[in-house]
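Below: the structure, in structure tokens.
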Amino acid sequence: MEKESNLSIYDIPLTEIEQFLLGNHITTDLEETELHELAEELINSGTAEYIPIAVTDFIIAKNLHSHNIKKYDLSYIMLADDENLADLANDLTLEIVEKDRIIDILAYLGKLHDDLVIFDKLPNEVLTTILESLDYNALIYMSDIHSKSKKIVDSEPFKIILQQKYQEYYNTSPDERLRVSNVQGADNGGQFRIFD
């Protein structure tokens, strides 16, 4: 996840590129290079009707590439509460704090230091306590990107905690959970512009 900011359309996962193109009625029966090139043309044209979150986050990063965004440790993002990430989310043009999107945008910008190796050195009891403090989305994201955390989250004793986190998350109103894509330059017609 750590790299210098050389934004490339190839940073977007191929499955997201295919979803983006299909959502805009463009065939995906092409070579991977052609798919990425078509996606880049569609982004730059500003005519996309459908933009998945991963592509939206790439556009945000493209719009912010010349801004002075500092580098963050992945562990800080994962462990910080939403209140401590509100300013960063705002700097990244997100309307709400969504850790997975913050991580993706920072990664696109080359402003994310993957320091999760520190969790490998922790005893299971300590890592379990840390995992228990995360909200549902952060917990799922952490288990997706860190194998030791996944083993703990998948364990039988942790299933009750996971169920509680799930219920807490889904007992909030839909407005609180709404994943809002706020891309600088979007007008009401869904037109997107890349700002240099």
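Of all residues in region 36-52, those satisfying the criterion of being among the acidic types (Asp, Glu), in contact with a helix residue (DSSP H, G or I) (Cβ under 9 Å, 6 or more places away or on another chain) and outside any loop (DSSP other than H, G, I, E, B) are GLU37, GLU40. Consider ILE96 carefully, then state whether it is at pLDDT below 90 and farther than 21 Å from ILE12 by Cβ. Judged against the criteria, ILE96 is not a match. Which one of these is outside any helix (DSSP H, G or I) and among the hydroxyl-bearing types (Ser, Thr, Tyr): THR33, THR27? Every option except THR27 fails the conditions. The residues of region 44-81 that are free of Cβ contacts under 8 Å to residues at least 40 places away in the same chain and within 20 Å of ILE130 (Cβ to Cβ), listed by number, are TYR76, ILE77, ALA80, ASP81. Look at (1) surrounded by fewer than 16 Cβ atoms within 10 Å (Cβ to Cβ); (2) within 30 Å of GLU41 (Cβ to Cβ); (3) within 18 Å of the chain's Cα centre (by Cα) and you find that SER66 fails only one, number (3). The set of residues from region 11-35 being exposed (fewer than 14 other Cβ atoms within 10 Å of the Cβ) and touching a His at 6+ places or on another chain (Cβ under 9 Å) comprises just one member, LEU14.
With respect to (1) in contact (Cβ under 8 Å) with a residue 40 or more places away in the chain; (2) surrounded by fewer than 21 Cβ atoms within 10 Å (Cβ to Cβ); (3) of a type in the set (Val, Ile, Thr), the lone exception for VAL117 is condition (1). Restricting attention to region 53-76, does a residue exist that is in contact with a strand residue (DSSP E or B) (Cβ under 8 Å, 6 or more places away or on another chain) and part of a helix (DSSP H, G or I)? Yes, region 53-76 contains at least one residue that is in contact with a strand residue (DSSP E or B) (Cβ under 8 Å, 6 or more places away or on another chain) and part of a helix (DSSP H, G or I).
The values are calculated or read from the model by the stated rules, or taken from the named source; none is laboratory data. No experiment lies behind these values; they were computed from the predicted model shown. Note that each Cβ is placed from the backbone with ideal geometry, even for glycine, and that neighbours are counted across all protein chains shown.
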